[in-house]
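Notes follow the structure.
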Amino acid sequence: MRVILSFRYSHWRSVLTPRKQPRQQRSRETVAAILEAAAQLFQRHGYTGTTTNKIAERAGVSIGSLYQYFPNKDALLVALAEHYLAESVQQVAQVFARAGEHRPPLPVLLADLVECVAVLHTDRPRLHRLLFDQAPRTPDLVTRFRQAEQQIAQALARELRRLGTGGPDPELNALLAVQGIEAHLHGALLDLPAGRDATAHVRAVVRLWQQALSAPCDPAEAHRSLGQASSGPNRRSR
């Protein structure tokens, strides 16, 4: 089994990771142009309607130059997913930077957080759906996603403790909130039921988590760390 997993991981790395890392400014600009062209075409034409030849043409580079960095279309999807994840973390970090400066009440904090995540979903909705549905889940990408999720949850937990809310275990409830907000907005904004208003859905998500996180924090019972909360119960002893 270990040999099989090792082979799969090596295979993923060979076909889904960049062949060459850009080191000079010109190379970085080339890669940025390729990724932006890929994002535009995936957004406009979807997965099947986008080809590496079209991406290279859109980026203003030769197909050989594209293949120097990305072996195939799926490798571009993975790179876009990584880029989107990094951008999302940066945008959400600004929410908590503002919170640290202005110390808002819970409703304002949650409205700012939910609006930020909503914008990330709706900026390029078709591309967002494509990345969610079809980007290969490489081990590296999954690890980065979980790390980002916990980083955001830790920042939210700190704010909950500042506000004296979050229930008996703010760390766990912050993690559930981060996971829940992402899932609720993904479903509400990318699969909006007919006749429903997206703004009303966003407001409903804010109200839902405001109610869930309004319970007073009990410091005497909230000693588990976020890492313990996310590792899961009933771990077997070896």
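The values are calculated or read from the model by the stated rules, or taken from the named source; none is laboratory data. From a predicted model like this one, the values you see are computed outputs, not experimental measurements. Note that each Cβ is placed from the backbone with ideal geometry, even for glycine, and that neighbours are counted across all protein chains shown. Just the protein is used for accessible areas: all its heavy atoms, side chains included, with ligands, DNA and RNA removed. Shrake-Rupley method; radii C 1.70, N 1.55, O 1.52, S 1.80 Å.
Brief remarks on what is shown
- Yes/no for His186 being open to solvent by less than 30 Å² (accessible area, probe 1.4 Å), touching a His at 6+ places or on another chain (Cβ under 9 Å) and not in a loop (DSSP other than H, G, I, E, B): yes
- Residue within segment 83-92 that is part of a loop (DSSP other than H, G, I, E, B) and either outside the structural domain of His128 (by the TED database) or closer than 30 Å to Val114 by Cβ (or both) present: no
- Of all residue pairs spaced 6 or more apart or on separate chains, those with beta-carbon atoms under 8 Å, a first member in segment 28-52 that is over 19 Å from Ser65 (Cα atoms) and a second member that is of a type in the set (Val, Ile, Thr) are Phe42/Thr50.
- Flag if Arg44 is surrounded by fewer than 16 Cβ atoms within 10 Å (Cβ to Cβ), among the basic types (Lys, Arg) and outside the structural domain of His201 (by the TED database): yes
- Residues considered: Arg161, Arg126, Arg146. Of these, the only one that is modelled with pLDDT of 90 or more, more than 23 Å from Gln210 (Cβ to Cβ) and in a helix (DSSP H, G or I) is Arg146.
- Residue, farthest from Ala38 (Cα to Cα), within segment 84-103, restricted to residues that are of a type outside the set (Val, Ile, Thr) and crowded, with 16+ Cβ neighbours inside 10 Å: Ala99
- Qualifying residue in segment 49-62 (condition: farther than 19 Å from Thr30 by Cα, open to solvent by 10 Å² or more (accessible area, probe 1.4 Å) and of a type outside the set (A, V, I, L, M)): yes
- Any hit, segment 105-114, residues being of a type in the set (A, V, I, L, M, F, W, C), within 15 Å of the chain's Cα centre (by Cα) and within 27 Å of Arg162 (Cα to Cα): yes
- Only residues that are open to solvent by less than 70 Å² (accessible area, probe 1.4 Å) and touching a residue at least 12 places away in the same chain (Cβ under 8 Å) were counted across segment 141-161, and they come to 11.
- Of the numbered criteria (1) in contact with a Leu (Cβ under 8 Å, 6 or more places away or on another chain); (2) without any contact (Cβ under 8 Å) to a residue 40 or more places away in the chain; (3) open to solvent by less than 20 Å² (accessible area, probe 1.4 Å), the one Leu66 fails is (1).
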